[in-house]
Amino acid sequence: MRRAVGRAAGVVVAVLSGLALTATSTTAHAATGPDVIAHRGSSGMAPENTAAAIDLAVRQRADHVEIDVQRTKDGKLVNFHDCT
């Protein structure tokens with residue numbers, strides 16, 4: 001049970017971080033070049049799909065953060081790469 005709560009909290013943090021990053025993205029950037037998308041957060045420098053990876057991507061000024069979310073058999077959303 002404790003593990004499930006921790007995962008749910010991680011998903012909430014990830015989603016909120018992504019929303020905050022999207023809200024602060026400026027349209028002026030679109031005119032200067034392609035958007036930078038942090039795949040699973042800054043996964044090359046922090047464990048992928050973690051709040052740490054998302055926070056680092058925000059600090060590195062990524063335009064967007066993409067995370068992997070899966071639905072479990074009991075209907076819960078978890079931050080996880082694939083179905084296996």
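A short reminder: the numbers here are calculations on the coordinates, not readings from a lab. A quick note: this is a predicted structure, and the numbers were derived from the prediction, not measured. A quick note on method: Cβ atoms are made from the backbone with ideal geometry, for glycine too, and the neighbour counts reach across all protein chains shown.
Note down the nm distance, to one decimal, between modelled labels 7 Å out along Cα→Cβ at T72 and at R59.
Computed distance between label sites T72 and R59 equals 3.0 nm.
Each residue of the stretch 46-59 in order: what ³J(HN,Hα) in whole Hz does its phi give by Karplus 6.51 cos²θ - 1.76 cosθ + 1.60, θ = phi - 60°, with x for Gly and Pro?
8, x, 4, 6, 10, 4, 4, 5, 5, 4, 5, 4, 5, 5
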